[in-house]
Every structure is written in C-alpha cells, then in structure tokens.
Amino acid sequence: YHLGYFTEKMKAIPVNNDDGTITLKVILEENAPITDFTIEGNTVVSTDEILNFLLAMKGKPQNIAEINEAISKIQDCYSSKGYILARIESVSDDPDGTVNISIKEGTINRIMIAGNEKTKDYVIERNILTEPGTIYNENLLKEDLVRLYATQAFKDVTREIEPTEEPDKYDITINIEEQRTATISVGG
C-alpha cells in the first residue's frame with residue numbers, strides 16, 4: 001500500500017498445497033491511471049510550470065506518494081518566488097482519471113499601519129508599494145519594509161500576517177517603531 005499504486009482494497013488468501021506448504025495469494029486493486037490534470041486558482045505561477053511537476057505521472061496508475069511529492073514541489077515553487085501564503089487547497093480525482101488540483105494563493109485583504117505616533121500614515125503608505133487585492137509576496141513586502149527603514153525615521157519596521165474570516169484573505173499590519181527625534185545638547 002505504501003508504494004502508492006494500489007487501493008486499500010487488498011486481500012491475502014492462504015491456499016493449502018498438497019505437499020503441506022501454504023501459498024499466500026495477495027489480491028490487489030491498482031489505482032486508475034491518470035489521464036489528465038486540471039489546475040485552478042493559480043494566477044502568479046503559470047499552469048505550464050505547475051504541470052512540469054505532474055506530467056511524469058500521466059498515463060501511469062495514480063500514485064499517492066508521487067502526487068504528494070509533486071504537491072510539495074509545487075508549494076516549494078510558490079515559496080521560492082515569495083508567495084509564502086500559497087497552498088494546495090484540495091486534490092481530487094474524477095472517475096475518468098483526471099486529477100483536479102485547487103490552489104489558494106493568499107490575497108491581501110488590507111494593509112494597516114501600527115505604532116506611528118508622530119509620522120503621518122500617508123508618509124508611510126507612499127513607501128509601501130504592495131496593495132490590497134494582490135497576491136501576498138514576501139519578497140515585495142520585504143522591499144517595502146527596507147524602503148521604510150531606509151528613510152531613517154524608524155528604529156524598527158516589522159510585519160504581521162493574520163488570516164481574515166474570509167477564506168484565502170489576509171490582513172497585513174506594518175508595525176513601526178519611530179526614532180527619537182528630539183535631542184537636547186548642552187555645551188559649555
């Protein structure tokens with residue numbers, strides 16, 4: 001079963017031989033062959049790129065272990081491009097042998113700013129190029145945080161990601177720690 005090619009419908013039937021030995025007959029049911037793949041929900045990684053991880057299985061009996069390995073490679077592909085919230089939501093198969101893969105990529109619901117007391121929101125917002133409604137990309141948001149930090153108005157800039165009640169939507173909070181600006185020096 002752990003090979004992944006067979007269904008859980010397995011039987012082992014012992015048969016008594018004339019010479020006193022026993023032959024064990026193992027009856028297996030092979031998974032249906034994969035005829036095609038459908039991918040839905042992908043916008044930032046092309047279908048062709050995703051299919052590269054899957055096409056080696058086409059025409060062969062479904063292998064759960066190989067499908068799981070391909071899913072892991074697809075998620076690694078998303079992560080390597082900065083789409084760390086992307087995940088495979090479901091994998092299902094049709095009776096005709098088509099394997100359906102549904103992907104949730106992780107959309108930004110809103111971007112909030114916290115911790116700024118002296119700096120106006122619009123000053124911070126003009127340095128954040130990431131926008132609500134887009135797919136979250138860690139690399140792009142890091143560039144935004146570096147841009148904010150480079151203004152030298154902030155001691156620390158971090159981000160928090162929180163899921164919303166809507167599936168596949170996330171709220172991003174940019175946490176700002178402002179530099180002390182007022183200094184007094186006395187000379188004598």
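The values are calculated or read from the model by the stated rules, or taken from the named source; none is laboratory data. Since this is a predicted model, take the numbers as computed values, not measurements. Positions of Cβ are backbone-derived with ideal geometry, glycine not excepted, and every protein chain shown enters the neighbour counts. Quick note on the areas: whole protein, heavy atoms, side chains included, nothing else; ligands and nucleic acids left out. Shrake-Rupley method; radii C 1.70, N 1.55, O 1.52, S 1.80 Å.
Annotations for the structure displayed:
- The GNM of the chain, with springs linking C-alpha atoms under 10 angstrom apart, assigns the highest mean-square fluctuation among 13, 67, 135 to 13.
- Between residue 117 and residue 47, the simple label model (points 7 Å from Cα in the Cβ direction) yields a spacing of 5.5 nm.
- In this structure, residue 100 and residue 146 have a Cβ-Cβ separation that, at R0 = 30 Å, corresponds to a calculated FRET efficiency of about 0.15.
- Accessible surface ranking for 125, 105, 1.4 angstrom probe, highest first: 125, 105.
- Residues within the reach of a label modelled at residue 32 (point 7 angstrom out along Cα to beta-carbon, backbone nitrogen below 18 Å), restricted to region 73-101, are 91-101.
- Against the criterion of solvent-accessible heavy-atom surface with a 1.4 angstrom probe, 87, 180, 110 sort, most first, into 180, 110, 87.
- Projecting the Cα atoms of 74, 92, 63 onto the dipole axis of the chain, where Lys and Arg carry +1 and Asp and Glu carry -1 at the beta carbon, places 74 farthest toward the positive end.
- Beta bridges per DSSP with both ends in the chain, % antiparallel, nearest 5: 65 percent
- Placing R0 at 30 angstrom, the Cβ-Cβ distance between residue 131 and residue 58 gives a FRET efficiency of 0.20 after rounding to 0.05.
- Heavy atoms of residue 145: accessible area, 1.4 Å probe, square angstrom to 10: 30 Å²
- For the pair region 35-63 / region 115-146, the C-alpha centres are spaced 35 Å from each other.
- Lysine pairs in region 48-166 with Cα atoms under 26 Å, if 8 or more residues apart or on separate chains: 14
- Region 89-163 - charge dipole about Cα centre, Lys and Arg +1 at Cβ, Asp and Glu -1, debye rounded to 20: 700 debye
- Placing 123, 26 in order of accessible area, with the largest value first and a 1.4 Å probe, yields 26, 123.
- The gain in end-to-end length when the residue 90 to residue 19 segment is fully stretched comes to 20.3 nm, 0.36 nm per residue minus the alpha carbon separation.
- A simple charge model with +1 on the Cβ of Lys and Arg, -1 on the Cβ of Asp and Glu and nothing else charged puts the dipole of region 1-55 at about 260 debye relative to its Cα centre.
- Electrostatic dipole magnitude of the chain [Cβ: Lys, Arg +1; Asp, Glu -1; Cα centre; debye, to 20]: 700 debye
- Taking Cα atoms only, the orientation of helix 138-150 departs from the longest principal axis of the chain by about 20 degrees.
- Spin-label zone in region 97-117 - amide nitrogen under 16 Å from a point set 7 Å from the Cα of residue 177 along the C-beta vector: 114-117
- Relative contact order of region 1-158: 19 percent, from C-alpha pairs under 8 Å at least 6 residues apart in sequence.
- Note on the chain: GNM, Cα springs under 10 Å; of 23, 98, 119, the largest mean-square fluctuation is that of 23.
- Per residue, in Å², the accessible surface of the chain once ligands and nucleic acids are set aside, probe 1.4 Å: 65 Å²
- Across region 82-98, rounded Karplus estimates of 3J(HN,Hα) from the backbone phi angles (6.51 cos²θ - 1.76 cosθ + 1.60, θ = phi - 60°) give x, 8, 6, 8, 5, 8, 7, 7, 7, 10, 9, 10, 8, x, 7, x, 7 Hz, Gly and Pro being marked x.
- Phi-derived couplings, Karplus 6.51 cos²θ - 1.76 cosθ + 1.60 at θ = phi - 60°, listed residue by residue for region 109-125: 7, 7, 10, 10, 10, 9, x, 8, 10, 9, 7, 5, 4, 5, 5, 6, 4 Hz, with x used for Gly and Pro.
- Listed residue (47, 4, 35) projecting farthest to the positive dipole end of region 1-52, Cβ model: 4
- Residue of 139, 17, 127 that the Gaussian network model of the chain assigns the largest fluctuation, springs spanning Cα pairs under 10 Å: 17
- Under 5 Å, built H, 5+ apart or other chain: amide partners of residue 89: 102, 103, 104
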